[in-house]
Amino acid sequence: MKIISWNTNGLRATAKQGFFTPLFKEEGPASTRKDEPTRGGPDVLCLQETKAEPDQLSEEIKSPRYAKATQGEYAKYYSYFAYSKFKKGYSGVAIYTKEKPKEVFYGMGIKKFDDEGRLLGVKLKNFTIITGYFPNGGQGPHRLKYKLEFYDAFLKFIKKLRKNGEHVIFCGDVNTAHEALALANPKANEENTGFLPIERAWISKVIKNNFIDVFRKFYPEKIGAYTYWDIKTRARDRNVGWRLDYFFASSEIVPKIKKNGILSDYYGSDHCPIFLKI
């Protein structure tokens, strides 16, 4: 099973520029006809910062098709969207899955967090996957406070899921670089949100609770591996970036993960997609 996670920085704009459909062609086309769906593609696609409500999306974006193993048969992804309840064009997450979920949940059951449309999860046969667009701590102390409160509530939430017997994978834009290896200029950013000690300490706490940073499990000392670059300064051209996007997995299912990586050559956003195979 292949899972892709991507902060699109606006799903409608990404699709308009032609960067949405190719995500489903990662495994190669089903035919040479442009109007036919692709064979393969991700089994689960998790998106963040979609900035859209379902009724603002075309049918092609809401319900993309894929070619089934049986020749000539096609099916649509099951798709689910969470979005901001108070501000259009803000935040938002989505999940596309070939497997019909046993259960879908929107948020953590805490109104002040759920109303921003930052969290969405599906319970599949073998694990629960959650896509999250975690708050940015900029724009003043009140937003940093909100971010840290969101972090704490989320950790309690996934610990409860695990206690109830769920194997958990969560992915998305966590909006914090955990260690100095995770950004190009750590010294210059020590006092900036996204690399504050208090933010980084939360990720350490997640790991201490046996949710594993899958990328670091596979590549413990890799440098220059980033998922976000500032557009205004053309930082991607110089690879002056941050690793803000993660897959975390319950320790008991990590041995089942076969591959993990960063699709750094994929454009369409200030973030690039990440993936794992399990």
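The values are calculated or read from the model by the stated rules, or taken from the named source; none is laboratory data. No experiment lies behind these values; they were computed from the predicted model shown. For neighbour counting, all protein chains shown are included, and Cβ atoms are generated from backbone atoms with ideal geometry for every residue, glycine included.
Scanning for something farther than 29 Å from SER79 by Cα, assigned to a helix (DSSP H, G or I) and touching a helix residue (DSSP H, G or I) at 6+ places or on another chain (Cβ under 6 Å), does the stretch 223-233 turn up at least one residue?
No, the stretch 223-233 has no match at all.
Just for the stretch 176-193: of the residues that are assigned to a loop (DSSP other than H, G, I, E, B) and in contact with a helix residue (DSSP H, G or I) (Cβ under 7 Å, 6 or more places away or on another chain), which one is surrounded by the fewest Cβ atoms within 10 Å (Cβ to Cβ)?
PRO186
Here are some residues: PHE170, PHE150. Which one is assigned to a helix (DSSP H, G or I), within 20 Å of the chain's Cα centre (by Cα) and crowded, with 21+ Cβ neighbours inside 10 Å?
On inspection, the qualifying residue turns out to be PHE150.
From GLY165, GLY140, GLY172, GLY224, grab the single residue that is modelled with pLDDT under 95 and on the phi > 0 side of the Ramachandran plot.
On inspection, the qualifying residue turns out to be GLY140.
I'd like to check something: does the stretch 239-252 contain any residue that is farther than 23 Å from CYS46 by Cα and either over 17 Å from the mean Cα position of the chain (by Cα) or surrounded by 15 or more Cβ atoms within 10 Å (Cβ to Cβ) (or both)?
Yes - at least one qualifying residue is present in the stretch 239-252.
Is it the case that some residue within the stretch 87-101 is touching a Pro at 6+ places or on another chain (Cβ under 8 Å), buried (at least 16 other Cβ atoms within 10 Å of the Cβ), among the β-branched types (Val, Ile, Thr) and in contact (Cβ under 8 Å) with a residue 12 or more places away in the chain?
no
Can you tell me how many residues within the stretch 111-137 are on the phi > 0 side of the Ramachandran plot and part of a strand (DSSP E or B)?
The number of residues fulfilling the criteria is 0.
Do we have SER264 as touching a Lys or Arg at 6+ places or on another chain (Cβ under 8 Å) and small (Gly, Ala, Ser) here?
no
Can you tell me how many residues within the stretch 61-71 are surrounded by fewer than 17 Cβ atoms within 10 Å (Cβ to Cβ) and either touching a residue at least 40 places away in the same chain (Cβ under 8 Å) or in contact with a Ser or Thr (Cβ under 7 Å, 6 or more places away or on another chain) (or both)?
Of the residues in the stretch 61-71, 1 are surrounded by fewer than 17 Cβ atoms within 10 Å (Cβ to Cβ) and either touching a residue at least 40 places away in the same chain (Cβ under 8 Å) or in contact with a Ser or Thr (Cβ under 7 Å, 6 or more places away or on another chain) (or both).
Considering only strands (runs of 3 or more DSSP E) fully contained in the stretch 1-110, which possess at least 2 residues that are at pLDDT 95 or above?
By residue number, 2-7, 44-48, 78-82, 93-97, 103-106.
Is there any pair with a first residue in the stretch 238-250 that is under 24 Å from LYS160 (Cβ atoms) and a second that is among the polar types (S, T, N, Q) and surrounded by fewer than 23 Cβ atoms within 10 Å (Cβ to Cβ) whose Cβ atoms are under 9 Å apart and which are 6 or more apart or on different chains, and what are they?
Short answer, once both residue conditions are applied: PHE247/ASN260; SER250/ASN210.
Would you check which residues across the stretch 72-85 are farther than 14 Å from CYS46 by Cβ and either in contact with an Asp or Glu (Cβ under 6 Å, 6 or more places away or on another chain) or buried (at least 17 other Cβ atoms within 10 Å of the Cβ) (or both) and list them?
TYR83, SER84, LYS85 - these are the residues of the stretch 72-85 that are farther than 14 Å from CYS46 by Cβ and either in contact with an Asp or Glu (Cβ under 6 Å, 6 or more places away or on another chain) or buried (at least 17 other Cβ atoms within 10 Å of the Cβ) (or both).
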